[in-house]
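Quick notes on the structure that follows.
Read the figures in this text as sums done on the coordinates, not as results from a lab. Please read these numbers as outputs of a predicted model, since none were measured by experiment.
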């Protein structure tokens, strides 16, 4: 009986931990997508043409977006087994 209680408790703790990590990963992934899209959209809106898309700031924002995505993937790899 005691082992069953411990197993249920361990599953519940893992499930709560996993939900937090999934939410954090999802938040970072959404933020990364917004940053990457903004890297292309804002220069076009600001300048009015497509020739200003690939300047230094665009590369910076693309790099930042991909780094956020990699951090989100790393967070997702920390999920615990619920068995």
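Helix 2-47 and the longest principal axis of the C-alpha atoms of the chain enclose an angle of approximately 0°. On a 0 to 90 degree scale, rounded to 10, what angle separates helix 56-76 from the longest Cα axis of the chain? For 56-76 against the chain, the angle is about 10 degrees. Rounded to the nearest 500, the 222 nm mean residue ellipticity of the chain from helices alone is -29500 deg cm²/dmol, with -39,500 (n - 2.57) taken per DSSP H run of at least 4 residues. Taken over the Cα atoms of the chain, the convex hull encloses 63 Å³ per residue.
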